[in-house]
Amino acid sequence: MKLRFSVCVLSCASFLVGCGPSGPEVYSVKGEVKYNSEPLATGDIIFEPTDSEGAASGGSIIQGKYSIKALPGKYKVKINASREIPGKMIPGPSGGQIPAREDYIPAKFNTKTELTAEVDAEPENTINFETAK
């Protein structure tokens, strides 16, 4: 009886090891994003896994810098940025006029991205990107 109870406790304990609210371990990824050799003022960066096992991760680019958390693995990377079109206005959601905006990062860096990255199971990953017209 004691042996069966011990086996049951050990089985339950081993089942619970590694379980918890934290989920899989993610790692820090940071870097610089440049557009035409200058830091990208503002934008967004998205890491999309190249296989079905990972999860997408993304964040903001501010003054050419980004910092996200991601699972280890290989990713396609998308960089987006938009700016106002001087002098062009469009209807806004509340009926007024708002400045029109345009995406100016070429498709090969976002919708048809050619950018890739690999996140290692290391405390810090530094990955920089250069984009251009």
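For the reader, a short list of remarks on this structure follows.
- Number of Lys-Lys pairs in segment 14-111 with C-alpha atoms under 13 Å apart and a separation of 8 or more places or on different chains: 5.
- Summarising the label geometry, the points placed 7 Å from Cα in the beta-carbon direction at residue 116 and residue 67 lie 2.9 nm from one another.
- With a simple spin-label model that places each label point 7 Å from the Cα along the Cα-to-Cβ direction, the separation between residue 104 and residue 55 comes to 3.5 nm.
- Nearest-0.05 FRET efficiency for residue 34 and residue 88, computed from C-beta distance (R0 35 Å): 0.85
- With a cut-off of 10 Å between beta carbons, the residues surrounding residue 49 carry a summed charge of -1, where Lys and Arg count +1 and Asp and Glu -1.
- The mean accessible area for residues of segment 39-132, using a 1.4 Å probe and ignoring ligands and nucleic acids, is 62 Å² per residue.
- Carbon + sulfur, % of accessible area of segment 33-75 - ligands and nucleic acids excluded, 1.4 Å: 48 percent
- Segment 45-119: C-alpha pair distances exceeding 16 Å, %: 61 percent
- Local electrostatic count, residue 74, Cβ distance below 13 Å [Lys/Arg +1, Asp/Glu -1]: -4
- In loop segments of segment 44-126 as defined by DSSP, the trypsin sites (Lys or Arg not before Pro) with at most 10 further C-beta atoms inside 10 Å of their C-beta are 112.
The values are calculated or read from the model by the stated rules, or taken from the named source; none is laboratory data. Since we're looking at a predicted model, the values are computed, not measured. Cβ: placed from backbone, ideal geometry, glycine included. Neighbour counts: every protein chain shown. Please note that ligands, DNA and RNA were not included when accessible areas were found on the heavy atoms of the full protein model with its side chains. Shrake-Rupley method; radii C 1.70, N 1.55, O 1.52, S 1.80 Å.
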